[in-house]
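Notes follow once the structure below has been shown.
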Amino acid sequence: MAVYTMHLPQWKRNEVAEIKRCSEEHEVVGLVDMYGIPASQVQQIRQNLRGVATVKMTRNTLIEHAMTEMGDKVEDLKGHLSGQSALIFTNENPFKLYKLLEQTKTKMAAKPGETAPEDIIVPKGPTSFKPGPIVGELQQVGIPAAIEGGKVKIRETKTVVKKGEVINKKMAEALVKLSIKPMDVGLILQAAYYKESIFTPDLLAIDEEQYYNNVVLAAQQAFNLSVNAAIPTPVTISTIISKAVREARSLGVEASIYEKDIADLIIGRAFREMLTVALAASESGYELDEATR
Amino acid sequence: MEYIYAALLLNSAGKEISEENVTAVLSAAGIEVNDSRVKALVAALDGVNIEEAISKAAVAPVAAAPVAA
Amino acid sequence: MEYIYAALLLNSAGKEISEENVTAVLSAAGIEVNDSRVKALVAALDGVNIEEAISKAAVAPVAAAPVAA
Amino acid sequence: MEYIYAALLLNSAGKEISEENVTAVLSAAGIEVNDSRVKALVAALDGVNIEEAISKAAVAPVAAAPVAA
Amino acid sequence: MEYIYAALLLNSAGKEISEENVTAVLSAAGIEVNDSRVKALVAALDGVNIEEAISKAAVAPVAAAPVAA
Amino acid sequence: MEYIYAALLLNSAGKEISEENVTAVLSAAGIEVNDSRVKALVAALDGVNIEEAISKAAVAPVAAAPVAA
Amino acid sequence: MEYIYAALLLNSAGKEISEENVTAVLSAAGIEVNDSRVKALVAALDGVNIEEAISKAAVAPVAAAPVAA
């Protein structure tokens, strides 16, 4: 393999060596897609990742060289390279890296022809524009603009592009004027090498809500099991006692066991029964007395 | 309410809710019985399924909750 | 529930809920009276504010609704 | 409520709810047993499906009132 | 629930919920007692305000409403 | 609740809820195991249909009522 | 759910939900551990407020059924 590198000029060989060094020094080597991310955003993202992950932009051919030289599993990363791949290195596990990259996404203006990642909503309220051709431009793309008190106002909140729809040129221009930035921009993890395995986004995308729901469910199951099987724990002992007490009371009331503690419950039940029958009787013409009415 | 309780008593004893029986129960409780009310009660309960009405009473309040929800 | 009906009948008639009275009412309804249950009933009701228990019972179903909501 | 708990204990142990058994359980707990209450308990439970009675929420509505109020 | 019933029986009789007492009550009911469960029960109840748990029992069923929702 | 979670873990892994297994799981979690609680857990779960017990809602705890209100 | 149970076991024992600890608990339960799932679990729970989730469960255990569905 080393033979390969020997044909490269020195600066390229240095670059390959640098990639190999970074790869060896980090737990995770990942590929991220830089397509369409303006330089200013890249700067911002690097800033957000500082201390956790490092992004290295270089030529794909050099990445391939380095991967080939390193061999083993990491070589499989090559299959995930795309036109605008960059390397990312971190010592966090790839799940955390994925989450981190999701969290560092920023909003950006839409370019004509892009697809709305979610419903694009224009909120009602004043704008900074003075009356002029802007009103017509906005109205043309279906944004309910109007002049009010010498200012351009949006009359009502409106969804102007639905999720998944393409944003046309005029709409894109209108959204820029209103400073609406619907696009999510960030590094998209294409694949990550970690501990002899390659992780792809389908594995790495974690539905935290699902985990939360499962934690709630597991806690409920534990609670139910503890109470239903009468296994006392500090958390459930009170509930278990309450359950036993309720069972005793229910039995007492159902079977009319005249015990002082449940006398009021038995009276209540008899009274309700009397009321129900009284009601049925009154529906058939029986005149109720004062106390029953 | 005494009249209704008397009817419930007879019902749970498996006795007929007749004028005689209602009157007997009320009298035993030392109550001065009003004949026309007894007649009205017996007539009104004729055709009422007391067991069903009672079972609703036991269940009703609980059942009320979901309805309200 | 017969015993409690008898007790409530007596109560609404303003009569004392004594063993004698309860037994008399039950007998009049043709019920074979179990002395122990009569005693247990009278003992259980001793000191119990029946009006209060009744008013709670009446309120309950309605009150339950907002909780459930 | 001791008497009811004794009945539930016997029931969950699969034992008959007889006067002897109830008395034995209560005595073991150091309770001075009232024969009449034992008899009343046994009589009240005669023919009752305990599992079913336990699971009924007959108690709920009354208890609800103070909470909701 | 036998072990819990035994504890509540002792509690309502005003007796201490000790391993000895719980074992005695369970045995009297003809239950083969598991020492570990008795120990676990007594340990779990240590420091628990039983009266409070009991008084809350009355309140609880109302909360059951969400089930239906 | 550690002991309960250990039981749930073993159950969902299709393993027997035995003293050895429960102890092994708890120890692996770095928990100082109380033999008596393990024994009590295993004894209490003997004969229990766990799937049913975990899915059957234990009646809402007391804290629920005020929250729901 | 084994992975979740293992995490909650550690949590209720006051232990850190780390890859090592989760793996140890699952292995002790005789479960063949999937490293990626462990990593995913740890990463996911890092963003979950477990105490809140548990307290939610305690307040409305009743909701268990629908969630499980």
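Modelled this way, with points 7 Å down the Cα-to-C-beta line, the labels at residue B:39 and residue A:205 are 8.2 nm from one another.
Mean per-residue shielding of peptide B:39-50 is 4, counting Cβ atoms of other chains within 10 Å of each Cβ.
Three semi-axes describe the equivalent ellipsoid of the protein assembly as shown; taken as square roots of 5 times the Cα gyration tensor eigenvalues and ordered largest first, they are 70, 38, 16 Å. Sorted from nearest, the other copies put their residue D:52 label points 1.8, 1.9, 3.5, 3.9, 4.7 nm away, the label point being 7 Å from Cα in the direction of Cβ.
Over the residues of chain A, the helix contribution to mean residue ellipticity at 222 nm works out to -14500 deg cm²/dmol, using -39500 (n - 2.57) for each DSSP H run of at least 4. When restricted to Cα atoms, region A:45-107 yields an Rg and a Dmax of 12.8, 38 Å, respectively. Over the Cα atoms of region A:1-103, the radius of gyration divided by the Kirkwood radius equals 0.97; this is the Rg/Rh ratio.
Summing both sides, the accessible surface hidden between B and A at a 1.4 Å probe radius is close to 1600 Å².
Between copies, the label points of residue E:16, set 7 Å from Cα on the Cα→Cβ line, lie 3.6, 3.9, 4.4, 4.5, 6.4 nm apart, reported in increasing order to one decimal in nanometres. Shape descriptor for region A:209-282: Rg over Rh equals 1.25 (Cα atoms; Rh from the Kirkwood inverse mean 1/r). Label-to-label distance for residue A:52 and residue A:91 is 1.6 nm, based on points extended 7 Å past Cα in the beta-carbon direction. For the chain pair D and C, the interface hides roughly 900 square angstrom of accessible area in total, found with a 1.4 Å probe. Per residue, the solvent-accessible area of chain A (1.4 Å probe, heavy atoms of protein chains only, all protein chains present) comes to 47 Å².
Here, region A:86-163 has an Rg and a Dmax of 19.0, 57 Å when only alpha carbons are counted. On the accessible surface of the protein assembly as shown, probed at 1.4 Å, how many percent belong to carbon and sulfur atoms? Carbon and sulfur: 49 percent of the exposed surface of the protein assembly as shown. Residues of region A:94-118 buried by at least 30 Å² of accessible area upon assembly of all protein chains, compared with the chain on its own (1.4 Å probe): A:95, A:96, A:99. Here the convex hull built on the C-alpha positions of region A:132-278 has a volume of 363 cubic angstrom per residue.
Per the Kirkwood formula applied to alpha carbons, region A:45-184 shows a radius of gyration over Rh ratio, Rg over Rh, of 1.18.
Inter-copy label distances at residue F:32, using a point 7 Å along Cα-to-Cβ, come to 3.3, 3.8, 4.6, 6.4, 8.0 nm with the shortest given first.
For region E:1-19, accessible area lost to neighbouring protein chains reaches 20 Å² or more, against the chain alone with a 1.4 Å probe, at E:1, E:2, E:4, E:5, E:8, E:9, E:12, E:13, E:15.
Which pairs, out of B:39/C:39; C:56/E:15; F:15/F:56, put more than 27 Å between their alpha-carbon atoms? With Cα atoms farther than 27 Å apart: B:39/C:39; C:56/E:15.
Structural size metrics of chain A, computed from C-alpha coordinates, are Rg and Dmax of 34.1, 110 Å. Could you let me know the centre-to-centre spacing of region A:166-229 and region D:1-35, using Cα atoms, in angstrom? Centre-to-centre distance over Cα atoms comes out at 58 Å.
The values are calculated or read from the model by the stated rules, or taken from the named source; none is laboratory data. Being a predicted model, the structure only gives us computed values, none of them experimental. Neighbour counts are summed over all protein chains in view; Cβ atoms, including those assigned to glycine, are modelled from backbone coordinates with ideal geometry. When the accessible area is computed, the model is the full protein with side chains, heavy atoms only, and any ligands, DNA or RNA have been set aside. Shrake-Rupley method; radii C 1.70, N 1.55, O 1.52, S 1.80 Å.
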